[in-house]
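Report on the following structure.
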Amino acid sequence: MGLIADIHIRNMLLAYYHKNERLFDSRPASTKYHHSWDGGLGDHIAQVMELGMGIFNVVKEQAVDMSCTLDDVLIIGFIHDLDKLDKYTNDFPGAPWKYKEGRLNFDEIVRTVHICTTDIGLVLTENQLEALSHHHGMWSNDRSSVFAYRPNDMTTLSAITHTADLISTVTFGSKKP
Ligand SMILES: [Fe+2]
């Protein structure tokens with residue numbers, strides 16, 4: 001987070017993080033698919049930011065037009081799963097996590113944008129919104145059918161975010177670091 005060049009945005013994100021640090025350190029990133037341990041959400045977000053930064057630095061060596069900045073990558077990496085801070089619950093400490101009542105009725109992207117604007121004060125750019133919407137790649141809401149999936153529709157930012165998210169999920173998602 002300290003590498004975000006925009007001081008105003010960095011301070012907004014840091015303030016939000018410190019205000020909710022207990023949740024980042026205690027909530028899972030899913031009930032069973034990846035990072036399903038206490039604090040898995042904080043671990044996952046840190047990995048997506050770090051992986052995204054590494055991928056960004058490799059890609060920018062070759063790309064003619066990156067169409068995104070390192071700030072974009074770090075901001076989206078931090079916010080992409082914030083809806084999960086208040087998505088799961090368990091019956092007692094150490095018990096398996098489950099969805100909170102009614103939470104499956106929420107659109108996760110809409111809720112994350114709501115958190116950004118209301119709780120953080122962050123207005124996402126159009127490029128950042130696109131990356132947030134499509135960070136699940138072929139599993140994104142409007143790409144739920146593999147026949148609708150067209151990788152070239154994604155931007156560099158959404159491709160970097162999706163790749164970092166996928167590597168974190170698949171490679172690091174089953175074992176607590
Ligand atoms: Fe994620």
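The values are calculated or read from the model by the stated rules, or taken from the named source; none is laboratory data. Predicted, not measured: the structure shown is a model, and the values here were computed from it. When we count neighbours, we look across all protein chains shown, and the Cβ atoms used for this are built from the backbone with ideal geometry, even at glycine.
Inside region 39-56, can you point out the residues that are of a type in the set (Val, Ile, Thr) and within 12 Å of the chain's Cα centre (by Cα)? Full working, then the answer.
Let us first name the residues in region 39-56 that are of a type in the set (Val, Ile, Thr), namely 45, 48, 55.
Answer for region 39-56, where residues must be of a type in the set (Val, Ile, Thr) and within 12 Å of the chain's Cα centre (by Cα): 45, 48.
What residue, among those in region 79-99 that are hydrophobic (A, V, I, L, M, F, W, C) and away from the ligand (no atom under 14 Å from the Cβ), is surrounded by the most Cβ atoms within 10 Å (Cβ to Cβ)?
Residues of region 79-99 that are hydrophobic (A, V, I, L, M, F, W, C), as a first pass: 79, 82, 85, 92, 95, 97.
Of the ones still in play, those that are also away from the ligand (no atom under 14 Å from the Cβ) are 92, 95, 97.
Working: 92: 5, 95: 9, 97: 20.
Taking the candidates together, the pick is 97.
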task: Would you check if there is a residue in region 126-144 being exposed (fewer than 13 other Cβ atoms within 10 Å of the Cβ), aromatic (Phe, Trp, Tyr) and modelled with pLDDT under 95?
output: no
task: Can you work out which of the residues in region 152-175 that are of a type in the set (Val, Ile, Thr) and away from the ligand (no atom under 11 Å from the Cβ) is surrounded by the fewest Cβ atoms within 10 Å (Cβ to Cβ)?
output: 170
task: Taking residue 108 as meeting all but one of (1) touching a residue at least 40 places away in the same chain (Cβ under 8 Å); (2) within 16 Å of the ligand (Cβ to nearest atom); (3) of a type outside the set (S, T, N, Q), write down the number of the exception.
output: (1)
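So that you can scan it fast, the table gives a plain yes or no per residue for (1) among the basic types (Lys, Arg); (2) away from the ligand (no atom under 16 Å from the Cβ); (3) part of a helix (DSSP H, G or I):
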| site | (1), (2), (3) |
| --- | --- |
| 33 | no, no, no |
| 44 | no, no, yes |
| 55 | no, no, yes |
| 66 | no, yes, no |
| 73 | no, no, yes |
| 77 | no, no, yes |
| 101 | no, yes, no |
